[in-house]
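Structure, as structure tokens:
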Amino acid sequence: GDAMCIRIAFLLLFVFATDVSALTEYYIDPDYTGGTRNGQAATPWQSLADTVTNTPWTVIDTSLASDNVTVYWTARAAGSDIDETGTVGINIIRTNTSTNRLILDGMSKYNSNDGTPSWSNYSGNARFAITVTATSGATTENFSSPYTHRDYITIRGFRFVATNQPVQIANANHFIFEFNEVSAQSGASIGPGVVYLQEHVGDTVSANYATDLIFRNNTVHNTFGECIY
């Protein structure tokens with residue numbers, strides 16, 4: 001009867017409601033002027049090296065234990081539709097070993113107010129642009145013992161410019177690098193734009209090469225030597 005139909009409808013609603021994949025989000029804007037910087041939308045970090053209020057990688061690793069995580073950098077400046085810029089590279093030091101994916105995104109959202117953050121979806125041409133000297137714009141920081149694997153990571157929608165090798169990734173299974181632009185600063189004297197090492201020499205932690213690697217829709221130009229190595 002009607003009661004049975006209502007009960008079935010409720011059970012179906014409960015199943016669908018509890019089956020939605022969880023997702024945790026954090027936010028970064030280097031121009032944010034507030035004193036509390038804990039990665040929340042209203043109080044974003046200025047970078048992943050920002051430890052004024054908490055330690056970003058401790059927060060991210062804790063969340064990854066039970067959830068997928070996306071970290072959004074503001075893609076454009078607050079006052080105009082141009083690249084937001086930063087001078088702090090992305091040092092990826094994930095230690096959580098779950099299969100939950102960490103997405104680092106420089107293209108999909110932007111903050112329109114540096115004092116009182118207000119985030120919106122973004123589909124324009126601006127990107128979060130990282131310019132660094134004598135270091136890399138993004139690196140997995142695992143080129144020495146114990147060569148910790150950084151698995152299930154996506155780097156999406158950044159512009160990396162560096163005098164060193166702009167992007168250095170190693171020992172990362174299920175790794176995605178997409179919609180990025182990579183180039184060298186004038187005067188660069190070292191290496192290609194994107195370096196990916198399947199397994200670093202001397203890695204005794206994992207006896208296998210990294211697998212499931214996706215590089216798509218990237219632009220690599222003006223590098224010293226190879227574009228991708």
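Residues Ala138, Ala162, Ala134: which one is touching a strand residue (DSSP E or B) at 6+ places or on another chain (Cβ under 9 Å), closer than 17 Å to Ala75 by Cα and in contact (Cβ under 8 Å) with a residue 24 or more places away in the chain? Unique residue meeting the criteria: Ala138. Of all the residues that make up the range 84-102, how many are open to solvent by 30 Å² or more (accessible area, probe 1.4 Å) and either among the hydrophobic types (A, V, I, L, M, F, W, C) or out of contact with any Leu (no Cβ under 8 Å at 6 or more places or on another chain) (or both)? Residues flagged as open to solvent by 30 Å² or more (accessible area, probe 1.4 Å) and either among the hydrophobic types (A, V, I, L, M, F, W, C) or out of contact with any Leu (no Cβ under 8 Å at 6 or more places or on another chain) (or both) within the range 84-102 amount to 8. Ser98 meets each of the listed conditions (1) at pLDDT 95 or above; (2) among the hydroxyl-bearing types (Ser, Thr, Tyr); (3) assigned to a strand (DSSP E or B) apart from (3).
Taken across the range 118-126, residues that are assigned to a loop (DSSP other than H, G, I, E, B), without any contact (Cβ under 8 Å) to a residue 12 or more places away in the chain and closer than 18 Å to Ala42 by Cβ do occur, with at least one present.
Which of the residues belonging to the range 42-90 are of a type in the set (A, V, I, L, M) and assigned to a loop (DSSP other than H, G, I, E, B)?
Those that are of a type in the set (A, V, I, L, M) and assigned to a loop (DSSP other than H, G, I, E, B): Ala42, Leu48, Ala49, Val52, Ala65, Ala75, Ala77, Ala78, Ile82, Val88.
Take the range 128-148 and flag every residue that is crowded, with 23+ Cβ neighbours inside 10 Å and assigned to a loop (DSSP other than H, G, I, E, B). Residues satisfying the conditions are Ser136, Gly137, Thr140, Asn142. Here is the figure for the range 202-229: residues that are at pLDDT 75 or above and open to solvent by less than 70 Å² (accessible area, probe 1.4 Å) total 7.
Among (1) open to solvent by 40 Å² or more (accessible area, probe 1.4 Å); (2) at pLDDT 80 or above, where does Ile153 come up short? That leaves (1) as the condition not met.
The values are calculated or read from the model by the stated rules, or taken from the named source; none is laboratory data. Note that the structure is a prediction, hence the values are computed from the model and not measured. Glycine gets a Cβ as well: all are built from the backbone with ideal geometry, and neighbour counts include every protein chain shown. Each accessible area value is taken on the protein alone, full model and side chains, heavy atoms only, with ligands, DNA and RNA left out. Shrake-Rupley method; radii C 1.70, N 1.55, O 1.52, S 1.80 Å.
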